[in-house]
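To start, the structure under review is shown below, and the notes come after it.
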Amino acid sequence: MIGDISHFLATPDESRRSRRSLRWICFRGWQALVLTQDELELTVVPSIGGRLISIRHGGVELAYVSDALAGKMPDGSDEQWRVLCGEWGFPLWGGGKTWVAPESNWPDGAPQRDLDSGPYGVLATWNGIDSMGVELGSGVCGRSGLQITRRIELAANGVWTTVHRLINRSGEIRECGIWDVLMLRRPGSVSVRLDQTGDQWREAIVPFPEKGPIGDVRGSRFLSFADGVLSAHCDDAIEFKFGINASGGALDVRLMLPEGNKRLLRSFDVVADARYLHGAPMEVFNAPALPYFEIESHGPAHTLEAGAACELRVKEWVSSR
């Protein structure tokens with residue numbers, strides 16, 4: 001199926017041809033689609049959960065990609081699956097993915113294997129003057145009856161939008177939410193503007209004491225608050241996780257990498273008075289051993305009847321400033 005899809009450059013304008021393209025490549029052993037716009041390259045691997053596995057800007061990789069798992073894919077055997085998982089409960093491939101909230105409903109404490117690591121079909125590709133993109137679709141999860149589509153659209157101005165869609169293909173009602181997770185290279189920081197002032201910022205934080213040794217990160221050096229901006233400092237290999245209740249869904253990420261500093265901006269809609277299955281629309285996770293941290297965006301909780309669907313739309317942009 002993949003080999004049957006043709007791709008073409010965005011415009012006949014020769015001055016822009018070299019700066020915009022959508023093509024198939026081999027990325028670290030995986031067959032992948034790469035969307036290129038000027039200095040930005042977005043690489044999508046359909047075969048492992050439809051991941052946005054790589055975000056490169058000016059030749060600098062922003063996303064964390066597992067060296068140990070590069071080019072590998074599940075073959076269906078339990079023995080190989082255990083090797084892929086290593087010391088974790090599921091493979092940490094890297095990049096950006098779609099998870100299903102809440103985590104408390106994950107089978108055996110791990111994200112649904114068919115959705116997180118299974119092959120996604122390429123439903124559509126396009127490459128026009130204003131935008132290019134790819135739409136991917138998972139199979140139906142054998143455990144939950146849920147299905148995911150991911151539509152990644154890169155505009156000519158360098159802003160890309162990921163539309164996550166969760167569809168209930170089971171015959172039962174499912175209460176769930178869409179969870180966008182992006183693994184980024186460490187060290188870095190995540191800043192979010194809050195409505196609170198003074199010590200009231202602490203009320204916007206949802207601690208996850210079971211995630212790491214710190215317990216409540218509000219009392220640690222990893223969080224700071226100044227001039228209405230909350231900042232999380234993800235620089236050391238110490239595990240922590242927390243949620244953020246903010247009225248605006250804007251995250252400002254600064255990466256301080258050996259190859260150069262990069263800035264990633266993310267925005268999504270936060271629905272006032274909606275229920276979020278982890279208690280907040282945003283989360284930050286810092287990994288204890290592997291050199292990455294995560295920015296996580298949630299859609300509201302949905303009660304999906306059979307055949308019903310919900311969506312989450314996330315916009316992102318990268319610069320060197």
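Taking the range 142-184 on its own, how many of its residues are within 21 Å of residue 282 (Cβ to Cβ) and in a strand (DSSP E or B)?
Matching residues across the range 142-184 total 20.
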Query raised in the report: Just to be sure, is residue 267 surrounded by fewer than 16 Cβ atoms within 10 Å (Cβ to Cβ), in contact with a strand residue (DSSP E or B) (Cβ under 6 Å, 6 or more places away or on another chain) and either under 25 Å from residue 37 (Cβ atoms) or in contact (Cβ under 8 Å) with a residue 24 or more places away in the chain (or both)?
Result: no
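Have a look at 140, 122 and point out the one that is touching a Lys or Arg at 6+ places or on another chain (Cβ under 7 Å) and either at pLDDT 95 or above or at negative phi (or both).
On inspection, the qualifying residue turns out to be 140.
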Query - residue 72 vs. criteria among the basic types (Lys, Arg) and assigned to a strand (DSSP E or B) - result: no
Query raised in the report: Which residues, taken from the range 24-61, are within 17 Å of the chain's Cα centre (by Cα), part of a loop (DSSP other than H, G, I, E, B) and either charged (D, E, K, R) or surrounded by fewer than 21 Cβ atoms within 10 Å (Cβ to Cβ) (or both)?
Result: 47
Requested in this report: Need at least 1 residues that are touching a Leu at 6+ places or on another chain (Cβ under 6 Å) and at pLDDT 95 or above per element, so show me which strands (runs of 3 or more DSSP E) inside the range 210-321 make the cut, counting only ones lying wholly within it.
Outcome: 229-234, 249-257, 260-268, 292-298, 309-319
Query raised in the report: Could we say that residue 192 is β-branched (Val, Ile, Thr) and buried (at least 18 other Cβ atoms within 10 Å of the Cβ) here?
Result: yes
Requested in this report: Return a yes/no flag: does the range 84-97 have any residue that is in a strand (DSSP E or B) and at positive phi.
Outcome: yes
Report summary line: Only one of 201, 179 is among the aromatic types (Phe, Trp, Tyr), surrounded by 16 or more Cβ atoms within 10 Å (Cβ to Cβ) and in contact with a Gly (Cβ under 8 Å, 6 or more places away or on another chain), namely 179
Query raised in the report: Among the candidates 87, 61, 41, which residue alone is within 18 Å of residue 184 (Cβ to Cβ) and either touching a His at 6+ places or on another chain (Cβ under 8 Å) or at pLDDT below 95 (or both)?
Result: 41
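The values are calculated or read from the model by the stated rules, or taken from the named source; none is laboratory data. What you are looking at is a predicted structure, and each value in this text was computed from that prediction instead of being measured. Note that each Cβ is placed from the backbone with ideal geometry, even for glycine, and that neighbours are counted across all protein chains shown.
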